[in-house]
Amino acid sequence: MLARIKPVGEVTVGGAAAAGAATAAASGPEVPGACMGCHGSGVLGAPKVGSKDDWTPRVGQGMAALVANAKNGKGNMPAQGAGMDDAQLKAAITAMLDKAGLSAE
């Protein structure tokens, strides 16, 4: 079903160099801009990037639960499943946990 409803294209403003930026950010050690919009400041109760206190209670849920929450949405966080696949979500979560000195299995 996801193959039927996936976007047919993308619009990139900024030339060829910007075209792969979102994918590179999601798969690398940096936290994607889409996540930083809320997790950078902790708006609406989002656990802040780099805050061990914010992330510690969530780590106990395990990585699978954290990915599911990001994919499907939870509380004030909207679902991110349409814009990022599970591997990209896991990489983004891992990057945020790394910055807080934590990890999840």
Within the stretch 62-105, of all residues that are hydrophobic (A, V, I, L, M, F, W, C) and assigned to a loop (DSSP other than H, G, I, E, B), the one nearest to the chain's Cα centre (by Cα) is 84
With respect to residue 24, is the statement that it is within 15 Å of the chain's Cα centre (by Cα), farther than 20 Å from residue 105 by Cα, at pLDDT below 90 and part of a helix (DSSP H, G or I) true? yes
Top-ranked residue of the stretch 44-83 - restricted to ones that are at pLDDT below 95, loosely packed, with under 14 Cβ neighbours inside 10 Å and among the hydrophobic types (A, V, I, L, M, F, W, C), ranked as nearest to residue 105 (Cα to Cα): 79
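The values are calculated or read from the model by the stated rules, or taken from the named source; none is laboratory data. In this text, all values refer to a predicted model and were calculated from it rather than measured experimentally. Because the Cβ atoms are built from the backbone with ideal geometry, glycine has one as well, and the counts that use them run over all protein chains shown.
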